[in-house]
Amino acid sequence: MQSSIPASRGGGGSLPRSVGEPRKRAKPVSNTSPGEFFRQVRNEAGKVVWPTRKETITTAIMVLIMTLMLAIFFLGIDSALGGIVKFLIGLIG
C-alpha cells in the first residue's frame, strides 16, 4: 500500500542518512566584529519601509474596533449559552 503523503513531508521515501552514518557539519559562520555587525544592522534597518503616523493610527483604531466587536459577540454567545444551561438545569431540578 502506498502512502498518500509526499516523501518530502515524511511519508515514505528514503531516510536522509543511514543510522550509522555521521552527521555532516554545518558551514562555519563567518566571524564579524561587533562594530561590523551593528553597521550591518543599521544598514538593514534603513531599508525598512516604516508606516506613517496616519497608517499606524488607522491600524490601531481598526484593531480596537475589531476587538470591541469580538468582545460584544462573545458576550452575546456566552449569555445565550448561559441562559440555555440555566433553563436546562431548571428542567432537571
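What to note about this one:
- Restricting the calculation to Cα atoms, region 52-93 shows an Rg/Rh of 1.44 when the hydrodynamic-style radius is the Kirkwood one.
- Simple label model, 7 Å out from Cα along Cβ direction - THR58 to PHE87, nm: 4.5
Quick note: the coordinates plus some simple rules give every number you see, no bench work behind them. Since this is a predicted model, take the numbers as computed values, not measurements. Methodologically, a virtual Cβ is constructed for each residue, glycine included, from the backbone with ideal geometry; neighbour enumeration extends over all protein chains shown.
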